[in-house]
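The values are calculated or read from the model by the stated rules, or taken from the named source; none is laboratory data. Predicted model, so just to flag it, every value in this text is computed and none were measured. Reconstructed Cβ throughout: ideal geometry from the backbone, glycine too, with neighbour counts over all protein chains shown.
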Amino acid sequence: MVKKPFSISFDLQTGNTDKKLVTSRYLSDMKEMYYDVSKAEEIIKNKNEKIYDFTELGFDEVEQDLLYGTSIVYPGKVGEEYYMTKGHFHTKLDLAEVYYCLSGKGYMLMETPEGEWDAVELEAGKAVYVPGRWAHRSINVSDEPLVTFFVFRADAGHDYGTIETKGYRKLIVERDGKPTIIDNPKWK
């Protein structure tokens, strides 16, 4: 079936649109992703905070299409570690992705299976190219939502399991009132 051209409007501050599929991740979904799990559990007892939403089109995962949408990481911290997305490799490891920051401030934390890593600052108007073979995670370091627009080949797939099992080599935490990159004490 041949698709017809279309357009979608995104709110630049919230990332919301009326034509989307929304997936929400709460702290209870992600508590093991934070190095201070006991602090996460303590927060969950009071309120199961929403950490992030991501929206995307409901396209089939075929190589001739592109998928796109928005990621909205809300402000907050678990202990000194900022709210973040789970992060993922692509199932088809060699496929890339592009993120464009619409609003907020944060970082794109990336690493390869071979041990290379990088952290690129995100702010409104800045795009980040994530090459194939690089796991990637958005981290909000501000007091407003971090909203990014993303696009990738529709058949790239998402491998969350590797990150859930191993974690990232580096973490971005708040130290002395500013974002600081540290070694992850839980990295396997």
Among (1) outside any loop (DSSP other than H, G, I, E, B); (2) of a type outside the set (D, E, K, R); (3) closer than 19 Å to Tyr52 by Cβ, Tyr129 falls short only on (3)
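Tell me which strands (runs of 3 or more DSSP E) are completely within the range 10-115 and hold 2 or more residues being surrounded by fewer than 18 Cβ atoms within 10 Å (Cβ to Cβ) and among the hydrophobic types (A, V, I, L, M, F, W, C), or say none if there are none.
Working: elements: 21-26, 50-56, 66-73, 97-103, 105-111.
Passing ranges, in order: 21-26.
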Within the range 132-172, how many residues turn out to be among the hydrophobic types (A, V, I, L, M, F, W, C), assigned to a loop (DSSP other than H, G, I, E, B) and under 27 Å from Asp36 (Cα atoms)?
-> 2
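Out of the range 2-28, which residues are at pLDDT 95 or above and either among the small types (Gly, Ala, Ser) or over 15 Å from Leu146 (Cβ atoms) (or both)?
Initial filter on the range 2-28 (at pLDDT 95 or above): 25-28.
Those that are at pLDDT 95 or above and either among the small types (Gly, Ala, Ser) or over 15 Å from Leu146 (Cβ atoms) (or both): Tyr26, Leu27, Ser28.
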Within the range 117-141, restricting attention to residues that are over 15 Å from the mean Cα position of the chain (by Cα) and over 15 Å from His88 (Cα atoms), which residue is surrounded by the fewest Cβ atoms within 10 Å (Cβ to Cβ)?
-> Gly125
